[in-house]
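I have placed the structure first, in the form of structure tokens, so that the comments after it can refer back to it.
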Amino acid sequence: MSTHATDVEGAHDVGDLGGLADLTAAEASAFLTSVTEVASGSSPDTALPLLTLALSQVLVAGARLGAIQDVVPTERFEPDPGVDDDADPLRDGLANALAGIDDYIYVIDPVTSGERADGSISGDLADVALALSHGLKHYSAGRRLEALWWWQFSYLSEWGDRALASLRALHSILGHLRLDADEEAVGEAEFDALHP
């Protein structure tokens with residue numbers, strides 16, 4: 001993203017950006033609600049589909065931010081939104097909910113390098129939640145352009161990558177759960193379906 005100091009009112013229609021900020025705030029809040037629910041352990045049977053859906057939806061919000069030109073806030077420095085939330089309880093709750101399937105391997109940069117690294121879905125989700133909640137603090141304080149700038153910048157530099165990597169891991173897990181069925185059981189089910 002560029003760092004030139006351009007007055008955002010000259011580069012964008014503020015009204016349009018205000019609507020985008022409202023939409024992004026709603027999507028960020030929905031993501032936080034979903035991951036908090038999974039971390040609570042209240043719905044273990046729906047954890048994987050819920051996280052897959054939440055990540056997919058928030059990545060649409062991120063893609064929308066990545067598709068517009070740089071959002072440049074009116075102030076040169078980011079106002080202090082206060083102390084960041086403690087992501088450890090969320091991270092720990094998600095790690096418990098995803099015990100046994102949390103860790104995965106990913107390619108750090110598929111364009112410039114084939115280097116691989118270890119990742120964890122719980123860590124990724126907590127990092128995404130932290131970035132989104134940071135922007136929500138700006139938004140709640142009435143600094144909608146600041147919130148948009150933060151969400152766009154952090155999407156391109158951090159949380160978009162983490163969200164994509166963990167979504168890919170979740171997709172792989174769901175695929176194995178749904179498709180790696182015992183051949184004999186599948187054959188019996190097909191026979192029963194064809195011969196009622």
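The values are calculated or read from the model by the stated rules, or taken from the named source; none is laboratory data. If you're wondering where the values come from, they're calculated on a predicted model, not measured in any experiment. Side chains are part of the model used for accessible areas, which takes the heavy atoms of the whole protein and leaves out ligands, DNA and RNA. Shrake-Rupley method; radii C 1.70, N 1.55, O 1.52, S 1.80 Å.
Can you work out the base-10 log of I(q)/I(0) for the range 111-160 at q = 0.22, 0.25, 0.27, 0.30 1/Å, using the Debye formula on its C-alpha atoms alone? Here log10 of I(q) over I(0) equals -0.79, -0.90, -0.97, -1.07. Residues in the range 103-116 carry Karplus couplings, in order, of 8, 8, 10, 9, 8, 4, 9, x, 8, 9, 7, x, 5, 10 Hz; the curve used is 6.51 cos²θ - 1.76 cosθ + 1.60 with θ = phi - 60°, and Gly or Pro positions show x. Residue 115 contributes about 110 Å² of solvent-accessible surface, heavy atoms of the protein only, 1.4 Å probe.
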